[in-house]
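These notes are about the structure you will find just below.
The values are calculated or read from the model by the stated rules, or taken from the named source; none is laboratory data. Just so you know, these numbers come straight off a predicted model, no measurement behind them. Every residue, glycine among them, receives a Cβ derived from its backbone with ideal geometry; neighbour counts consider all protein chains shown. Accessible surface is based on the protein model in full, side chains and every heavy atom, while ligands, DNA and RNA are left aside. Shrake-Rupley method; radii C 1.70, N 1.55, O 1.52, S 1.80 Å.
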Amino acid sequence: MDLQSELLKSIWYAFTSLDVEQSGKVSKSQLKVLSHNLYTALNIPHDPVALEEHFKDNNNGPVSNQGYMPYLNKYILAKATEGTFNKETFDELCWTLTSKKNFKPSTQQRLCSQRDCFKLFCLFNLLSEDRYPLVIIQPELEYLLKKISCTMSVEWDGTLLEEFLSQNVDLQDGMSVWEFLEHLSAGQLFHVESKEAFSLAVDEVFMEMYHNTIKKGYLLKKGHVRRNWQERWFVLKPSSLTYYVGEDLKEKKGEILLEENCVVENLPDKEGRRCLFCVKTHIRTYEMSASNLKQRVDWVQAIQTVLRLRAEGKSSLHQELKLSRRKQRETLQRSQSNQSNNSEPIAVEASQHSASEQQEETEKLEQHIESIIQKQREVEAKHKEEEKQEREKQQTVQRDLERQLEETKEAKERMTTTLTEMEKEVQQQKKRIHELELTQLKLEEALNAQIHARLGEDQVRLELERQLAEEQNARLAEERIRQELERQLAEEQKKLAELLLLQSQLETPAFRIQDDTPTATRPINQQPEESSQHNTEEAPIHESTSTAVPPCIQQPEECSQHNTEMLKHWTIQLNRLMKPIAPGDKVEHLPVKNTCPRQGQALTSTEFITKVQTGVGQEKGNGYSPSPPEKEEE
């Protein structure tokens, strides 16, 4: 069956779904929408002008199927090219349009899901007869159900199907897709125990028959650039061998186009790899490794079958099997009709001869089909055995994983318990550390306070020591000043005594005095001391340095002159000795006696001389003897 015939079956369902009144006609607006959707699904450039021109006539009513077919064949089906569109998407569009009207919601609530019904719809169209309305006859229905049953690893039992068809005579000539889905979902065609197993089987048969998947599985492939071995999921179809990263078919890694000049060969073991084979194309050679010898034989035979179909110009293995089954049924029908119509012996002989030839041809076809079926059964049996072994391995691995998972869970629980205890201990330690930190802060504050107190005490002590040292230094300075004053006073008293001695010598009878002339130099005149306890101001004392003229004594003139010069000399020396002394300039405040005419100040030279002379004059009559002055009170 060509591509246009396959597409036309799905379009027929879409067209009939738009015929709401079941009159065989559809409105032009609905056909325009349908055409636009078909253009989009088939990846064909839309031509609205051709659509308007085709339906431009005097008839303003709906268009029948016969009226739509010329436009459909010319502008849509003739432009559809295999490989430029996704046929599953196209069939899904038609299924969506027709299921809204004909599909019963109760069907998908039983055995078949919505997705399973769509896949069975596609398989039904593939095996249905080429007449409309589309129906599937009993042999093709039995072939499909047997295929699903074998995929489920369940032995086929056609008793239920035969009983159902015997009870429904009107379904023996053919069954529509909606009747097929309804009875299959109700479990009236064959018994299904597991809904999940049935769904997986439908999916596998859908991939094999609808997508022409001849074989699929994991193989090791040698890289072309890096030359390393990688595990890939291979899918063999009548035109190509495609390989993916995983069986989910999400990431496609490459595709090997199988043409007539391609060759598949076995390779000897090398590089530590076994069960090697290669596919040679005119571009490069692809090296692959199977898991065992049986797998390598299956893959090599499957690829050789694809190459044989390519050489014969056939595009689908299941389509060829369907055509061979159909030819066999037609041959049997012709033989049966010839036997019933021809009553003459010659005709009977001829019919018998032709029937025998047809029987031989039928037997050959049956043998060929039987051999194909037998090979398919062997492949399926091997596949079942491998699946069984794989399931056992997976179960073993699963048990190991479950055991490891339990151990991991127990370890995780123990770890969680340990972590919980450790967290509690950490919290306690943190709390204890926090308390210790608070205690440390308090101790540091107390220590700092004590240090500050000690520093304050030390500062006070140092300040007191400094003040005491200053007082001691002041006392020492005052003591030195007092000693200096005493020394100076002693010197002055000594000088005064010498002066008095000299004056007494001058006043002796050795020197004669003239009649009215003084014989000795008078002492320095002094002004009366004017001082009072309530007045600090003192009058200046005028010092007289003049001396009396020496008297005329009865000595020679030279002696008198010599005495006069000596007196002047002693007077000058006395004046020099009477130089003012100011010891109070070194100390800011010195306590003085109340007898001092100037409170807190030093005496001038004249004041000092006057005071001393007054004191000496008073002490002469009292028997004065020089003595050191009293210490000044601090």
Original post:
Looking at (1) surrounded by 19 or more Cβ atoms within 10 Å (Cβ to Cβ); (2) of a type in the set (A, V, I, L, M, F, W, C); (3) at pLDDT 85 or above, can you tell me which one residue 209 breaks?
Top reply: (3)
Subject >> Checking residue 110 against (1) open to solvent by less than 50 Å² (accessible area, probe 1.4 Å); (2) part of a loop (DSSP other than H, G, I, E, B); (3) more than 19 Å from residue 4 (Cβ to Cβ), the condition it does not meet >> reply: (1)
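Each row is one residue, and each column tells you yes or no for (1) of a type in the set (Val, Ile, Thr); (2) modelled with pLDDT under 90; (3) farther than 22 Å from residue 209 by Cβ.
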site: 242; (1), (2), (3): yes, no, no
site: 265; (1), (2), (3): no, no, yes
site: 274; (1), (2), (3): no, yes, yes
site: 283; (1), (2), (3): yes, yes, yes
site: 318; (1), (2), (3): no, yes, no
site: 328; (1), (2), (3): no, yes, no
Original post:
If a residue has to be open to solvent by 70 Å² or more (accessible area, probe 1.4 Å) and part of a helix (DSSP H, G or I) to count, how many in the stretch 1-29 make the cut?
Top reply: 2
**OP:** Name every residue in the stretch 215-239 that is at pLDDT below 85 and in contact with a helix residue (DSSP H, G or I) (Cβ under 7 Å, 6 or more places away or on another chain), in order of residue number.
**Re:** 238
**OP:** Report, by residue number, each residue of the stretch 258-272 that is open to solvent by less than 60 Å² (accessible area, probe 1.4 Å) and either in contact with a helix residue (DSSP H, G or I) (Cβ under 8 Å, 6 or more places away or on another chain) or farther than 30 Å from residue 313 by Cα (or both).
**Re:** 258, 262, 264
Original post:
Do we have residue 131 as assigned to a helix (DSSP H, G or I) and either open to solvent by 10 Å² or more (accessible area, probe 1.4 Å) or within 22 Å of residue 161 (Cβ to Cβ) (or both) here?
Top reply: no
**OP:** Could you list, in sequence order, all residues of the stretch 10-26 that are closer than 14 Å to residue 94 by Cα, of a type outside the set (Ser, Thr, Tyr) and in contact with a Leu (Cβ under 6 Å, 6 or more places away or on another chain)?
**Re:** 14
Subject >> One residue from 96, 89 being open to solvent by 50 Å² or more (accessible area, probe 1.4 Å) and farther than 19 Å from residue 45 by Cα >> reply: 96
Original post:
residue 176 is checked against (1) at pLDDT 85 or above; (2) open to solvent by less than 10 Å² (accessible area, probe 1.4 Å) and fails just one. What number does that condition carry?
Top reply: (2)
Subject >> Pick from the stretch 179-190, criterion touching a residue at least 24 places away in the same chain (Cβ under 8 Å) and open to solvent by less than 60 Å² (accessible area, probe 1.4 Å), ranking: farthest from residue 144 (Cα to Cα) >> reply: 186
**OP:** Please give the number of the condition residue 46 fails out of (1) in a loop (DSSP other than H, G, I, E, B); (2) open to solvent by 30 Å² or more (accessible area, probe 1.4 Å); (3) at pLDDT 85 or above.
**Re:** (3)
Subject >> Candidate set: the stretch 273-317, residues that are among the polar types (S, T, N, Q) and in a helix (DSSP H, G or I); chosen: the one surrounded by the fewest Cβ atoms within 10 Å (Cβ to Cβ) >> reply: 304
Original post:
Only one of 129, 163, 140 is farther than 20 Å from residue 205 by Cβ and over 48 Å from the mean Cα position of the chain (by Cα); which?
Top reply: 163
**OP:** Among the residues of the stretch 134-173, count how many are crowded, with 19+ Cβ neighbours inside 10 Å, of a type in the set (Val, Ile, Thr) and modelled with pLDDT of 85 or more.
**Re:** 3
**OP:** Say whether the condition of being closer than 19 Å to residue 321 by Cβ, touching a strand residue (DSSP E or B) at 6+ places or on another chain (Cβ under 6 Å) and hydrophobic (A, V, I, L, M, F, W, C) is met by at least one residue in the stretch 142-154.
**Re:** no
